[in-house]
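Working notes, beginning with the structure itself.
Derivation of every value follows stated rules applied to the coordinates shown; laboratory data play no part. For clarity, every value in this text was computed on a predicted model and none was experimentally measured. Methodologically, a virtual Cβ is constructed for each residue, glycine included, from the backbone with ideal geometry; neighbour enumeration extends over all protein chains shown.
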Amino acid sequence: MSKEFDLAALLAERGTERYELHSRYLNHQLPRMLHTIGFDKVYERAEGAHFWDADGADHLDMLAGFGVMGLGRHHPVVRKALHDVLDASLADLTRFDCQPLPGLLAERLLAHSPHLDRVFFGNSGTEAVETALKFARYATGKPRILYCSHAFHGLTTGSLSVNGEKGFKDGFAPLLPDTAIELGDLDALDRELRKGDVAAFVVEPIQGKGVHEAPPGFLRAAQELLHARGALLIADEVQTGLGRTGDFYAYQHEEGVEPDLVCVAKALSGGYVPVGATLGKDWIFKKVYSSMDRVLVHSASFGSNAQAMAAGLAVLSVMENEGIVAHVRRVGELLFSKLRELVPRYELLHEVRGRGLMIGIEFGRPSSLGLRSRWTMLQAARKGLFAQMVVVPLLQRHRILTQVSGDHLEVIKLIPPLIVDEADVNRFVTAFTAVMDDAHAGGGLMWDFGKTLVKQAVAQR
């Protein structure tokens, strides 16, 4: 007779096998990579913007699970909402009724973008983008989508077609015949639109890869060009939305911008339940769902499930009641200003950019001979190694988790939980300053680790 399932007992018995299990049954390269850079830690619990390892040491999270933990881990309001919805024993996902939670969440979401009218709920940012691409093509009757070089919109086939990073596409062709332009290049946008086959232009108001913001006036000018040619503007706010940049949506930093479709995901459920949403204008939805025969022409098996909807409602409630957007503006400006002050101090530090709590720190070629030779050695092996050299000691010595902003980029991206406070900001700046001091000293453990990364990069060629 089999014994009753006990999750706590299972984790207590098998939890120490986590890296072995992953190597054997999942992506075997992940534990290998984590071991190489010294990230193969064991984390036991988490709360807010912090988590604790097996030794009880506190770590500061400046990554937020790639942005999904907008309110930090285990926010009590979101957690309670999930307990409540499970205890309610709702008749969820019958598929032949209309539950109240999806409509209530759509209503609350649309209140933040009053020029939009309807919402489709899926399960991820990629699905939100796929929905927008399909809806734009059907609504306009045109096949082609324009996107930006270095963009990231997802990794399924449609979203991969509008992904600006070649490394993600290698080996997965043929993809959709879409076309990239440079972020901010209105002439290129106009040139492509004149061909008459463009359904939409999908754009991140601030690109996640490298943290590059659209130039002032670009989104509004692009919108005017698109509408003049019968094409749509799709704003991918999967990472930048829900307060990340100091406004509810990043496109709202530019007056007069009203995208036809907006993609939302990541932080919408507080990191608990996969969820994605595509917000759009009434006429687009009515064209896609033009008859009862087409009622299921685009759907998702787990879309609009009660857990995701309850979590989303709780997240929006917390954002309003706790003044999250205003908090992001204040704390983001504090972090940004403190980091900007360091740029003249360190020759390896090239630029700090971003908005709110989405900040990119870019490193560049130093001027002094000793540092320049070391920099050149790293660049010859693989671009992006210096940024990795900074990320590693931030975690290993200072217990702060960050990320390199993209493959072959000398940029660190900071996207912490939106609830980080002044003490967290000071902790990060102090640690980052110490790492920069070590790098500019020209020797020591940091550059020794750089040699290890160079050997690893050369071995993989």
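For the reader, a short list of remarks on this structure follows.
- Distance between the range 80-106 and the range 336-404 - C-alpha centres, whole angstrom: 46 Å
- Note on Asp185, Asp55: ascending count of other Cβ atoms within 10 Å places them as Asp55, Asp185, the fewest first.
- Around the Cα centre of the range 303-398, unit charges on the Cβ atoms of Lys, Arg, Asp and Glu (plus for the first two, minus for the last two) sum to a dipole of about 500 debye.
- Counting every C-alpha pair in the chain, the share spaced more than 33 angstrom apart comes to 40%.
- Rounded to 5, percent antiparallel among DSSP beta bridges of the range 76-321: 45 percent
- Residue exposure proxy: Val77, Val198, ordered by other Cβ atoms within 10 angstrom of their Cβ from fewest to most, comes out as Val77, Val198.
- Mean separation of Cα contacts under 8 Å, 6 or more apart, over the residue count of the chain: relative contact order %: 19 percent
- Added length on full extension, which subtracts the Cα-Cα distance from 0.36 nm per residue, Arg294 to Asp421: 40.9 nm
- Interchain or long-range residues, amide H under 5 Å from Ala200's placed H: Leu146, Leu232
- Fully extending the segment from Arg24 to Glu341 would add 109.5 nm, taking 0.36 nm per residue of separation and subtracting the current Cα-Cα distance.
- Among Leu104, His115, Phe39 - extreme Cα towards positive end, dipole of the chain, charges at beta-carbon: Phe39
- Ordering Met377, Leu418, Phe428 by Cα displacement along the dipole of the chain toward the positive end leaves Met377 in first place; charges were set at the Cβ atoms of Lys, Arg (+1) and Asp, Glu (-1).
- Packing-based order for 380-387, 429-436, 169-176, using average beta carbon neighbours within 10 Å, highest first: 380-387, 429-436, 169-176
- Over the range 330-416: Kirkwood hydrodynamic radius from C-alpha pairwise inverse distances, Å: 13.5 Å
- Translational D in µm²/s for the range 76-321 (Stokes-Einstein at 25 °C, 0.890 mPa s, Kirkwood Rh from C-alpha pairs): 134 µm²/s
- Beta bridges from DSSP with both residues in the chain: antiparallel share about 65 percent, rounded to the nearest 5.
- Potential extension, Ala228-Asp190 segment - 0.36 nm per residue separation minus Cα distance: 12.7 nm
- Helix-only mean residue ellipticity at 222 nm for the chain, each DSSP H run of n ≥ 4 adding -39500 (n - 2.57), per residue, nearest 500: -13000 deg cm²/dmol
- The chymotrypsin sites (Phe, Trp or Tyr not before Pro) of the range 26-115 meeting both criteria, a DSSP state outside H, G, I, E and B (loop) and at most 13 other C-beta atoms within 10 angstrom of the site's C-beta, are Phe96.
- Dipole magnitude of the chain about its Cα centre (Cβ charges: Lys, Arg +1; Asp, Glu -1), debye to nearest 20: 1160 debye
- Taking the number of Cβ atoms within 10 Å of each Cβ as an exposure proxy, the fewest-first ranking of Glu4, Glu204, Glu17 is Glu4, Glu17, Glu204.
- The dipole here belongs to the range 49-189: it is taken about the Cα centre, uses +1 on the Cβ of Lys and Arg and -1 on the Cβ of Asp and Glu, and is about 520 debye.
- Calculated FRET value between Asp197 and Glu107, using beta carbons and R₀ = 45 Å, to 0.05: 0.80
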